[in-house]
Amino acid sequence: MDTSYEAALMEVADAYAREVAEHGGKSLARVATIIVNRGSFFERLRDGGGCSARNLDRVADWFRDPANWPNEIAAPALAALVSIGRPATSPVEQKEAA
């Protein structure tokens, strides 16, 4: 997978971690366990590892849902999600998915 995808995921993860530090919430390790069943997922990405397209989709889908953020999706995360073609879901999309 192109490293720009991994870089975008790390931008989203870092933005999430900053939101958690300020507002409380799940750790990145817990989020990774929930999404891909591997708590070290983000550490592996940070260390230069890659991810499959399937895991990219899973992680992006989780982070693009505003309900999963402690406060709201941070602007850097929104930009990173858009850069990989996975913009945040709107309230209408969330209702349709339910």
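The values are calculated or read from the model by the stated rules, or taken from the named source; none is laboratory data. Note that the structure is predicted; figures quoted are calculated from it, not measured. Neighbour counts run over all protein chains shown; Cβ positions are idealised from the backbone, glycine included.
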Pairs needed: first member in segment 45-61, over 20 Å from Ile73 (Cβ atoms); second member anywhere, among the acidic types (Asp, Glu) and surrounded by 10 or more Cβ atoms within 10 Å (Cβ to Cβ); C-beta distance under 8 Å; at least 6 residues apart or different chains. Gly49/Glu6; Gly50/Glu6; Cys51/Glu6
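Checking the condition of a type in the set (Gly, Ala, Ser), closer than 18 Å to Glu19 by Cα, part of a helix (DSSP H, G or I) and in contact with a Gly (Cβ under 8 Å, 6 or more places away or on another chain), which residue from Ala60, Ala32 passes? Lay out the reasoning, then the answer.
Numbers: Ala60 fails: in contact with a Gly (Cβ under 8 Å, 6 or more places away or on another chain).
It is Ala32.
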Collect the residues in segment 70-83 that are part of a loop (DSSP other than H, G, I, E, B) and either in contact with a Lys or Arg (Cβ under 8 Å, 6 or more places away or on another chain) or modelled with pLDDT of 95 or more (or both), keeping them in residue-number order. Ile73, Ala74
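For segment 1-39, what are the residues that are polar (S, T, N, Q) and at positive phi? Can you show your working first?
Taking segment 1-39 and keeping what is polar (S, T, N, Q), we get 3-4, 27, 33, 37.
Asn37, the sole residue that qualifies.
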Selected residue (only one of Ala53, Ala29 is exposed (fewer than 13 other Cβ atoms within 10 Å of the Cβ) and hydrophobic (A, V, I, L, M, F, W, C)): Ala53
Flagged pairs (Cβ under 9 angstrom, 6 or more apart or on separate chains; first in segment 83-94, surrounded by 10 or more Cβ atoms within 10 Å (Cβ to Cβ); second among the aromatic types (Phe, Trp, Tyr) and at pLDDT 95 or above) are Arg86/Phe63; Ala88/Phe63
Checking the condition surrounded by 13 or more Cβ atoms within 10 Å (Cβ to Cβ) and outside any helix (DSSP H, G or I), which residue from Arg38, Arg44 passes? Arg38
